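Comments concern the structure below.
What follows is calculated from the coordinates using simple rules that are stated; it is not laboratory data. Treat the numbers as computed from the prediction; the structure is a model and nothing was measured. Every residue, glycine as well, gets a Cβ built from its backbone with ideal geometry; the counts of neighbours run over all protein chains shown.
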Amino acid sequence: MIKRRTPTTTLTEDDFVNGVTTDQSNETTKPDPKAPRKFKSHTLPLNEYEYNLLVELADKYGQTHSGIIRYALKQLALKSN
């Protein structure tokens with residue numbers, strides 16, 4: 001027997017278009033810095049000088065190329081605050 005779906009939301013079409021949610025909790029969530037890295041991926045074109053600098057830093061600190069870039073982003077964010 002086929003089970004019919006019944007709508008459980010009370011949102012109108014206008015509410016949906018305007019971004020109204022059913023919980024109405026207006027709380028801004030802060031992203032977790034330890035969350036899995038599945039949100040976005042970024043391809044970064046580098047010239048030879050930049051790539052060699054990245055490799056040198058990665059070897060010096062024993063990190064991956066991505067780890068060096070993440071560290072630099074975090075340090076710049078802390079410096080600007």
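Give the longest segment of the chain that steers clear of trypsin sites (Lys or Arg not before Pro) in DSSP loops with at most 11 neighbouring Cβ atoms within 10 Å, not counting the sites themselves. Looking at the chain, 41-81 is the longest stretch - no exposed trypsin sites (Lys or Arg not before Pro) with at most 11 other Cβ atoms within 10 Å. The helix-only estimate of mean residue ellipticity at 222 nm for the chain, built from DSSP H runs of length n ≥ 4 each weighted as -39500 (n - 2.57), is -13500 deg cm²/dmol after division by the residue total.
Here the 3J(HN,Hα) profile of segment 53-67, calculated from phi with Karplus coefficients 6.51, -1.76 and 1.60 at θ = phi - 60°, is 5, 5, 5, 4, 5, 5, 5, 4, 9, x, 10, 7, 4, 5, x Hz, Gly and Pro shown as x.
Could you calculate the FRET efficiency of K38 with K74 from 1/(1 + (r/R0)^6), where r is the beta carbon distance between them and R0 is 25 Å, rounded to 0.05?
Given R0 = 25 Å and the Cβ-Cβ separation, E is 0.85.
Please find the FRET efficiency linking N18 to Y61, where r is the Cβ-Cβ separation and R0 is fixed at 30 Å, and quote it to the nearest 0.05.
0.05
By the equivalent-ellipsoid construction on the alpha carbon gyration tensor, the chain comes out with semi-axes of 45, 18, 13 Å, ordered largest to smallest.
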